[in-house]
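> Here's a structure for you.
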Amino acid sequence: MSSWGNLLRISIFGESHGLGIGVVIDGLPAGRRIDFEAVSVQMTRRAPGQGSAVTPRREPDVPKVLSGLKDNVTTGAPLCCVIENTNVRSGDYSDISNTPRPSHADYAARERFGEACDMRGGGHFSGRLTAPLTFAGTVCRQILADYGVHIGGHLYSVGGVADTPFDPVNLSPALLDSLSLRNFAVINPSAETAMREHIEAARQSGDSAGGIIEAAAVNVKPGLGSPMFLGVENALASLLFGIPGVKGVEFGTGFGICGMRGSAANDAFIVDENNHITTATNHSGGIQGGISNGMPIIVRVAFKPTPSIALPQNTVSLDTQQETTVQIRGRHDPCIAVRAVPVVEAALAMGLLELYLRG
Ligand SMILES: Cc1cc2nc3c(=O)[nH]c(=O)nc-3n(C[C@H](O)[C@H](O)[C@H](O)COP(=O)(O)O)c2cc1C
């Protein structure tokens, strides 16, 4: 379903080529001022039409709040936000209703919902649905800032080009804050050039590229989360896998820890200069036993190459059951990961706020 959360409940609605999309956020604490300029920065980072690395579909993505705010302050009632779809070209999708796009949700959705399913522009499975998700996460991020939490992310790698990874121990809030303002979020500027070249080469040949986003939260209080099924990893992973195109999530050193010996992988406890218990390394990504330990929470999220590519692809005609090819028209992101950085940050903020509200 498209609802998530317990004390903080987020319900996302809409389809890519319907009248609009939006979100209802229930459970927000009352009396918190929402800074709409900061919201607009995040909506713009996610929005299409920012150059050749992203889809040229241009939409302003202006969130219109119908309820839950008075004078930009949360009232405690459900906050409902709608975003109009203004740049719809359903004709681009007329061919594919009978010939599902390989690795998009077209075929699986039809098996699940039958012909009633509105798959124009990817329907409810479109990356466009990450606009309300970004709105919700940005509201949550602002409330988390009151607890001192900073969140940011960057393109960790695109097509084998790697950015400078986060220092998992000494990760500065200022670095996360500056990354979370950037449209093409990288730490090392030369990585941006090489990544853009890789994406452009894919686009020029009618193809697409995948990428990995690394995101983090710092100043997260120790003791958040519960063992087994209500842990920090569970909460964050369930949100992150809700983002279309995500195929993997790893925390801390992730899969890389499996090749290490325990003596190198274990995060030794130390006492820092402020007399706080901390750890010398952070292979655990700030989470042990499902519970935050006060170290930076570090997560990497794997995005597949955009399924809609311009090259002809093999598929099957649903009418005739015959093999055929599909040539996808329309405006598509050559690399989903570029625009997904603020979405991943938003998912982190939603998950952490739910955990803070649980106490
Ligand atoms: C920000 C964002 C933008 C996306 N843009 C596109 C796109 O332009 N074309 C496309 O085919 N898929 C795009 N996707 C991915 C599809 O929505 C996704 O691959 C599809 O729904 C199938 O889901 P799955 O990949 O999780 O299995 C985008 C995803 C995100 C997060």
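> If Leu181 meets every condition in (1) more than 18 Å from the chain's Cα centre (by Cα); (2) loosely packed, with under 15 Cβ neighbours inside 10 Å apart from one, which number is that one?
All conditions are met except number (1).
> Something else now. Any residue in the range 299-313 that is β-branched (Val, Ile, Thr) and at pLDDT 95 or above sitting within a Cβ distance under 6 Å of a residue that is near the ligand (Cβ under 9 Å from one of its atoms) and part of a loop (DSSP other than H, G, I, E, B)? List the pairs, counting only those 6 or more apart or interchain.
From the range 299-313, the pairs are Thr306/Ser208; Thr306/His332; Thr306/Asp333; Ile309/Ser208.
> List the pairs whose first member sits in the range 325-345 and is polar (S, T, N, Q), whose second member is part of a loop (DSSP other than H, G, I, E, B) and more than 9 Å from the ligand (Cβ to nearest atom), and whose Cβ atoms are under 6 Å apart, counting only residues at least 6 apart or on separate chains?
Thr325/Pro312; Gln327/Pro312
> Go through (1) in a strand (DSSP E or B); (2) over 30 Å from Thr74 (Cα atoms) and name the single condition Ala191 misses.
Of (1) in a strand (DSSP E or B); (2) over 30 Å from Thr74 (Cα atoms), only one is false for Ala191: (1).
> For the range 331-345, what are the residues that are near the ligand (Cβ under 8 Å from one of its atoms) and in contact with a helix residue (DSSP H, G or I) (Cβ under 8 Å, 6 or more places away or on another chain)?
Once the filter is applied, which keeps residues that are near the ligand (Cβ under 8 Å from one of its atoms) and in contact with a helix residue (DSSP H, G or I) (Cβ under 8 Å, 6 or more places away or on another chain), the range 331-345 yields Arg331, Asp333, Ile336, Arg339, Ala340, Val343.
> Output the residue which, of all residues in the range 222-261 that are under 16 Å from Gly285 (Cα atoms) and aromatic (Phe, Trp, Tyr), is nearest to the chain's Cα centre (by Cα).
Out of the qualifying residues, it is Phe251.
> Something else now. Could you please find all residues in the range 200-221 being more than 13 Å from the ligand (Cβ to nearest atom) and within 21 Å of the chain's Cα centre (by Cα)?
Within the range 200-221, Ile212, Glu214, Ala215, Ala216, Ala217, Val218, Asn219, Val220 meet the criteria.
> If you scan the range 281-323, which residues turn out to be part of a loop (DSSP other than H, G, I, E, B), within 16 Å of the ligand (Cβ to nearest atom) and under 23 Å from Ser157 (Cα atoms)?
Lys304, Pro305, Thr306, Pro307, Ser308, Ile309
> Within the range 329-359, how many residues turn out to be in a helix (DSSP H, G or I) and within 17 Å of the chain's Cα centre (by Cα)?
19
> What pairs can you find where one residue is in the range 141-152 and at positive phi, the other is assigned to a loop (DSSP other than H, G, I, E, B), and their Cβ atoms are less than 8 Å apart, with a gap of 6+ or different chains?
Gly148/Asn219
The values are calculated or read from the model by the stated rules, or taken from the named source; none is laboratory data. The structure presented is a predicted model; accordingly, all values stated were derived computationally and were not measured. Every residue, glycine as well, gets a Cβ built from its backbone with ideal geometry; the counts of neighbours run over all protein chains shown.
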